[in-house]
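Shown next, in structure tokens, is the structure this report addresses.
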């Protein structure tokens, strides 16, 4: 068990742990990258990483996280793939209890309870898949830095020395979605971080090129099933 505090603007390096790990952001919002893609993880959620899963953490605002490291026979009860975990009230209290010193028998009981409560969602609604080709990685980097970038695919094609059709096919092959859908996911990911940090919806909508607050709310609801105002409440009540 480990507690870590990070400053605003932290961007970690790629690394892996020999033990499996549950990362729970007790304060702030975490962006977690793996080889598969990128998750935004608010305090109502956690992220599960199997052993030796390469990853890195970043955050725009101050951030505090608890890490539960898992080894041995308990791993047979836990997921084999990385993903987001909805943190129920019971799982949250179990995490806090594991942080405290306790007799071995008590820790064994908590470990069993912990394993029963960890359920992974591999590709949640706001998941952004990792792109692999050098051309698409340039677009990925640009949209990560400026999610509101409205440059059409034809301009990207001209800039990168490829046809629009070639780039379109590459997005469908690597991201399993169109360029337009990928860009929307990148914007929604950025919006989720800013929502969790308390920014007004209108500011987010305009900065990220959703056009209006109502259009942003509509797209957010299409992606998650709820409005931005209800998202964090609904996540805390899941399971």
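Here are some notes:
- Scanning segment 39-65 for residues being in a strand (DSSP E or B) and buried (at least 20 other Cβ atoms within 10 Å of the Cβ) gives a total of 12.
- Among the helices (runs of 4 or more DSSP H) confined to segment 129-187, the ones with at least 3 residues that are within 23 Å of the chain's Cα centre (by Cα) are located at 134-145, 164-174.
- Some residue of segment 191-201 being more than 19 Å from the chain's Cα centre (by Cα) and either at pLDDT below 95 or surrounded by 15 or more Cβ atoms within 10 Å (Cβ to Cβ) (or both): yes
- Qualifying position, being outside any strand (DSSP E or B) and in contact with a helix residue (DSSP H, G or I) (Cβ under 8 Å, 6 or more places away or on another chain), among 90, 22: 90
- Taken across segment 67-81, residues that are under 22 Å from the mean Cα position of the chain (by Cα) and without any contact (Cβ under 8 Å) to a residue 40 or more places away in the chain do occur, with at least one present.
- Annotation: residue 222 fulfils all but one of (1) more than 21 Å from residue 134 (Cβ to Cβ); (2) outside any helix (DSSP H, G or I); (3) free of Cβ contacts under 8 Å to residues at least 24 places away in the same chain; the unmet one is (2).
- Test result for residue 33, under 24 Å from residue 190 (Cβ atoms), more than 15 Å from the chain's Cα centre (by Cα) and not assigned by TED's automatic domain parsing to the domain that holds residue 182: no
- Among residues of segment 69-87, those that are out of contact with any helix residue (DSSP H, G or I) (no Cβ under 9 Å at 6 or more places or on another chain) and assigned to a loop (DSSP other than H, G, I, E, B), counted: 5
The values are calculated or read from the model by the stated rules, or taken from the named source; none is laboratory data. Because the structure is a prediction, the values reported are computed rather than measured. No Cβ is skipped: glycine too gets one built from the backbone with ideal geometry, and neighbour counts run over all protein chains shown.
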